[in-house]
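This report refers to the structure that appears directly beneath it.
Each value in this text was obtained by applying a stated rule to the coordinates, not by laboratory testing. Not measured: the values here are computed from a predicted model. Positions of Cβ are generated from backbone atoms using ideal geometry, with glycine treated the same way; all protein chains shown enter the neighbour counts.
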Amino acid sequence: MSGIRRLNHAVLFVSDLDRARRFYVDVLDFVVVGDEPRLNATFLRAADSRNHHDLGLFGLGPGAPRPPRGSVGLYHLAWQVDTVDDLAELRRRLVAAGALTGESSHGATLSLYGADPDGNQFEVQWMLPRRAWGEYATRAVVEPLDLDAEVARWSGVGTADELGPGRDDLRGSG
């Protein structure tokens, strides 16, 4: 049997489809793949993705109720960038859009947290090179992030393809 390989796409309900589309295009550089007016929906691809679409947005209208924070359901989506420089640029854009809600180091990954105009939460993260995970390969931590120091250390190092097919994964020796 062949198992699940990765998350292919996510779909979110939003109150204002045009506003949500602008946010994902203008702030996170998603590209519109296509619209489905009969469903009040749009489908988007992350700028460097090879996927057909990574995100679907379905507009429900301004009266749609929001579940209260902490309700059972999806907490956040997480997207990976290739370099820590990309993460720093996205931090600048999230701050400018008033959408940055937090940031942390998880040892093996560095993360920014944000929310779209409807409050849907997301994470944008950069993964350290696999060889640098050390003790964090088997630990889950939440620590303060010093993004400037991480950029100084890791600038230009790409890692987005490290865990692709045929490469070391968590079952390997690293």
> Over all pairs of distinct alpha carbons, what does the Kirkwood formula give as the hydrodynamic radius of the range 87-155, in Å?
Replying inline: 12.7 Å
> Using the Cβ atoms and a cut-off under 12 Å, what net charge is assigned to the surroundings of residue 77, where Lys and Arg are +1 and Asp and Glu are -1?
Replying inline: -3
> With labels modelled as points extended 7 Å from the Cα through the Cβ direction, what inter-label distance (nm, one decimal) is found for residue 10 paired with residue 136?
Replying inline: 2.0 nm
> What whole number of Å gives the distance from the Cα centroid of the range 1-49 to the Cα centroid of the range 69-86?
Replying inline: 14 Å
>> Within 10 Å of each candidate Cβ there may be at most 15 other Cβ atoms; applying that plus a DSSP loop requirement, which trypsin sites (Lys or Arg not before Pro) in the range 42-74 survive?
In response: 50, 69
> In the range 50-103, what chymotrypsin sites (Phe, Trp or Tyr not before Pro) fall in a loop by DSSP, with at most 15 other Cβ atoms inside 10 Å?
Replying inline: 75
> Going by the alpha-carbon gyration tensor, a ≥ b ≥ c the square roots of its eigenvalues, is the range 43-105 rounded (a/c under 1.5) or, if a/c is not under 1.5, prolate (a/b greater than b/c) versus oblate?
Replying inline: oblate
> If packing is taken as the mean number of other Cβ atoms within 10 Å per residue, what is the order of 133-144, 21-32, highest first?
Replying inline: 21-32, 133-144
> Equivalent-ellipsoid semi-axes (√(5λ), Cα gyration tensor) for the chain, whole Å, largest first?
Replying inline: 29, 19, 16
>> Give me the net charge for the shell around residue 17: Cβ to Cβ below 15 angstrom, other residues only, Lys and Arg +1, Asp and Glu -1.
In response: -3
